[in-house]
Structures are given as C-alpha cells and as structure tokens.
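> Handing you this structure, nothing more for now.
The values are calculated or read from the model by the stated rules, or taken from the named source; none is laboratory data. This structure is a prediction, so every number in the text was calculated from the model and none was measured. Here Cβ is always computed from backbone atoms with ideal geometry, including for glycine, and neighbour counts include all displayed protein chains. Surface accessibility is based on the protein's heavy atoms, side chains included, excluding ligands, DNA and RNA. Shrake-Rupley method; radii C 1.70, N 1.55, O 1.52, S 1.80 Å.
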Amino acid sequence: MRDPYDVLGVSKSASAADIKSAFRKQAKKLHPDANKHDPKAASRFAELNAAHEILGDVEKRKAFDRGEIDAEGKPRFQGFEGFGAGPGGGFGGEGVFETFSFGPGGSQRSRGRARGGGLEDILKDVFSGARGGRSGGGFQFEDEESQPAHGGDLTATVTITLAEAAKGTTRRVQLPTGKEVEVKIPAGLAEGQQIRLKGQGVAGTRGRPGDVLITVSVAPHPLFQRDGVDLRLELPVALYEAVLGGKVRVPTLDGAVELAIPAGTNAGRTFRLKGKGFPSKATTGDLLATVRIVLPEGGDAELEELMRKWRDKRPYDPRKGMP
C-alpha cells in the first residue's frame, strides 16, 4: 500500500483538520457510488479509508511517523537483538532476548531481559533450562501441564462503506499471523461492532483453539450521516425551486427518488422519507432531508437587481421576535 500521506495528498506536517478535510474531499470524489462504472473505484476508496484510519488517529499517526507500523497499520519487523546482547554487541551486559519454548503443541516465542554473564553463563542457562524446564535464556523444554489449555484469540479490523453496512457484504481479512479469512458481514451492522469467528485463532496444546475477533468500522459517507437507524442528508435546492416549488431528485442508499418540494419552502425545513434510512433487526429507519438553498455560482446581475427592488418595495424581517 502507498504512503498514507501520498494517498490523502497532504504533507507530513498537516494538521488534524487538514487531514480530515482532505479525506472528505477525496471521499466524495472516489466513493464507489459516484464511480459505478469504474471497476477500480472500490479498491481506491478502500485505500483512502486505510490511509485515514492511520493518519486520522493520533496514536497510530505517531507510530507510523516513528516507523513502528507500516502503511497498513502492521508492526514493522525490528530485527533480532541476540541473546542478551549488550550495548557494545557480543554477549556481555544487559539486553533483550527471545525465548523459544518447545512443547507438545509446537514452539512458542517470548521476550525478556538478559542480565550479566558471558557466553558460559548463557550456555549454562540453555542447558539447565533443557534439563529442568526452568525459565531461562535459550531453548526450554516444558511439560504439558505448563502449557495453556486453550489457544489465544486474534484481533483484526475491517472498514466497509455505509451501503455495505446497510446491505451486508463479504470481505477477506488478513490476520496478524498473515492468514486470510473470509468474513461475512451481516446487514445492519453498527460502527465498532465485532464479529467472532470461533476456532479460527491460535491453536492450543489442549482444548479448542482461540477465536478471531473482527472489529468493523464504517467509513464516513460523503452525503449521509447516521442518526441511530435514521440517515440525515443536506438537500441542495435552487432559489426558484424553494420559491415556486417543484420535484427534486433525492439520493438514497437504494438509488435516487423524487421528492415534491412545496412552494415557499424555507431553508432548514426537513422532509422525512419513510423507510429510506438504515436497517436494523427490528425496523428500517427514515431518511431526513434538510433543505439548503443554493444560489447560482458566480452571482447573477438580474437576480441581484430583482432582490434590490424586492428589498425596497417589500421589506420584511425574518429575525423579528429574536432578542
């Protein structure tokens, strides 16, 4: 995956507000709903979400800038530090070591601190660990009773679009181990909900293996905002449509529908479109479309002249009664 700063088109010194603004701008441009005939739109949009997932999170951004995670949010390999390697290299001093424990369930790796001693001490620990099963540097042979009965759980995240969250989808998710699993995401899933894949985690020496916990994130939509099971939308309306009334097309998750705007509609008026919101187990929400009157771009001399005449002949105060 490309550098997330390049994906969002921002510099490394960009502020959180700059990153958020760049993401929203790119999301409107790259969203699959706006590029239905482009087969690569979904992958570009997924790349954009992945970049925002890192740079939009303060801690993840710091970790990426320090080189601790890569562009996909995975930890970077830091290399081997050896058995108790000291500051000057070799075997003396204090350092970090890795222990590989071999039992009936295979090998397990852990990390610890090695103190003092030279090569003789390390070899002594290695072989005494092999004989007695004690915790020491090097290779250990542990009996079955010291091994965990069940395997460990694995966690992963996946980001989907609002439309996918509403209708359900299937995704392949890569686990921290590198293994890929097929995940069926049910319709109506909320932000932050988890999907548990039983028995797909780390195998144990006895008993069942662990599970995989997939946390689902829903990417921000360029048009809709969730409000429980309802969706909210700002509906741009021309001045003459607000004054004279008319039919306007309103986007929904299922495709555009026509809405009759009555004459004399004010900005801020909200229309409720039944059953066009977000689905849940119990019901389907509504779409709440709030009118936003939009004037023509670049100004209009005739409209300005008309407004001047209106102001002089028929003035009114829309803020009457306000303190």
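> Which condition from (1) exposed (fewer than 15 other Cβ atoms within 10 Å of the Cβ); (2) under 18 Å from residue 158 (Cβ atoms); (3) among the charged types (D, E, K, R) is the one that residue 211 breaks?
Of everything listed in (1) exposed (fewer than 15 other Cβ atoms within 10 Å of the Cβ); (2) under 18 Å from residue 158 (Cβ atoms); (3) among the charged types (D, E, K, R), residue 211 misses just condition (1).
> Would you call residue 21 in a helix (DSSP H, G or I), under 14 Å from residue 161 (Cα atoms) and either small (Gly, Ala, Ser) or free of Cβ contacts under 8 Å to residues at least 24 places away in the same chain (or both)?
Numbers: in a helix (DSSP H, G or I): yes; under 14 Å from residue 161 (Cα atoms): no; either small (Gly, Ala, Ser) or free of Cβ contacts under 8 Å to residues at least 24 places away in the same chain (or both): yes.
In short, no.
> Restricting the first residue to the stretch 184-200 and requiring it to be within 13 Å of residue 164 (Cβ to Cβ), which pairs with a second residue that is basic (Lys, Arg) meet a Cβ separation below 6 Å and a spacing of at least six or different chains?
187/167
> For residue 13, are the conditions met, namely being in a helix (DSSP H, G or I), at pLDDT 80 or above and of a type in the set (Ser, Thr, Tyr)? So that I can check it myself, show each step before the final result.
Working: in a helix (DSSP H, G or I): no; at pLDDT 80 or above: yes; of a type in the set (Ser, Thr, Tyr): yes.
The answer is no for residue 13.
> Does residue 244 satisfy the condition of being open to solvent by less than 40 Å² (accessible area, probe 1.4 Å) and either free of Cβ contacts under 8 Å to residues at least 60 places away in the same chain or not β-branched (Val, Ile, Thr) (or both)? Please lay out each step first, then the result.
On the way: open to solvent by less than 40 Å² (accessible area, probe 1.4 Å): no; either free of Cβ contacts under 8 Å to residues at least 60 places away in the same chain or not β-branched (Val, Ile, Thr) (or both): yes.
Against the criterion (open to solvent by less than 40 Å² (accessible area, probe 1.4 Å) and either free of Cβ contacts under 8 Å to residues at least 60 places away in the same chain or not β-branched (Val, Ile, Thr) (or both)), residue 244 does not qualify.
> Can you tell me which residues in the stretch 187-204 are crowded, with 17+ Cβ neighbours inside 10 Å and modelled with pLDDT under 85?
189, 200, 201, 202
> Within the stretch 30-44, can you find the residues that are open to solvent by 30 Å² or more (accessible area, probe 1.4 Å) and touching a helix residue (DSSP H, G or I) at 6+ places or on another chain (Cβ under 9 Å)?
Within the stretch 30-44, the subset open to solvent by 30 Å² or more (accessible area, probe 1.4 Å) is 30, 32-40, 42-44.
If the condition is that a residue be open to solvent by 30 Å² or more (accessible area, probe 1.4 Å) and touching a helix residue (DSSP H, G or I) at 6+ places or on another chain (Cβ under 9 Å), then 30, 32, 33, 34, 35, 38, 42, 44 are the ones that fit.
> Could you check residue 47 against (1) touching a residue at least 60 places away in the same chain (Cβ under 8 Å); (2) open to solvent by less than 80 Å² (accessible area, probe 1.4 Å); (3) among the charged types (D, E, K, R) and say which number it fails?
Failed condition: (1).
> Now, a different point. For residue 233, indicate whether it is in contact with a Phe, Trp or Tyr (Cβ under 7 Å, 6 or more places away or on another chain), open to solvent by less than 50 Å² (accessible area, probe 1.4 Å) and closer than 30 Å to residue 24 by Cα.
Details: in contact with a Phe, Trp or Tyr (Cβ under 7 Å, 6 or more places away or on another chain): yes; open to solvent by less than 50 Å² (accessible area, probe 1.4 Å): yes; closer than 30 Å to residue 24 by Cα: yes.
So residue 233 passes the test.
> Considering only residues that are touching a residue at least 60 places away in the same chain (Cβ under 8 Å) and touching a helix residue (DSSP H, G or I) at 6+ places or on another chain (Cβ under 7 Å), look in the stretch 268-322 and name the one that is surrounded by the fewest Cβ atoms within 10 Å (Cβ to Cβ).
Looking at residues that are touching a residue at least 60 places away in the same chain (Cβ under 8 Å) and touching a helix residue (DSSP H, G or I) at 6+ places or on another chain (Cβ under 7 Å), I get 279.
> Looking only at the stretch 61-77, which residues are touching a residue at least 12 places away in the same chain (Cβ under 8 Å), surrounded by fewer than 17 Cβ atoms within 10 Å (Cβ to Cβ) and in a helix (DSSP H, G or I)?
Listed by number, the list holds a single entry, 65.
> Okay, next question. Could you list, in sequence order, the residues of the stretch 166-186 that are in a strand (DSSP E or B) and either touching a Ser or Thr at 6+ places or on another chain (Cβ under 6 Å) or open to solvent by 40 Å² or more (accessible area, probe 1.4 Å) (or both)? First the steps, then the outcome.
So in the stretch 166-186, the residues in a strand (DSSP E or B) come out as 169-174, 180-185.
Residues satisfying the conditions are 170, 171, 172, 174, 180, 182, 184, 185.
> Sticking with this one: Which of (1) closer than 26 Å to residue 25 by Cβ; (2) at pLDDT below 90 is the odd one out, the single condition residue 248 does not satisfy?
All conditions pass for residue 248, except number (2).
> Could you list all residues from the stretch 209-246 that are in a loop (DSSP other than H, G, I, E, B) and more than 18 Å from residue 163 (Cβ to Cβ)? Can you show your working first?
So in the stretch 209-246, the residues in a loop (DSSP other than H, G, I, E, B) come out as 209-211, 219-223, 228-229, 245.
Passing the criteria: 209, 210, 211, 245.
> Among the listed residues 96, 58, which satisfies the condition of being among the β-branched types (Val, Ile, Thr), open to solvent by 50 Å² or more (accessible area, probe 1.4 Å) and either out of contact with any helix residue (DSSP H, G or I) (no Cβ under 6 Å at 6 or more places or on another chain) or at pLDDT 50 or above (or both)? Spell out the reasoning first.
Numbers: 96 fails: open to solvent by 50 Å² or more (accessible area, probe 1.4 Å).
Criteria check complete, one pass: 58.
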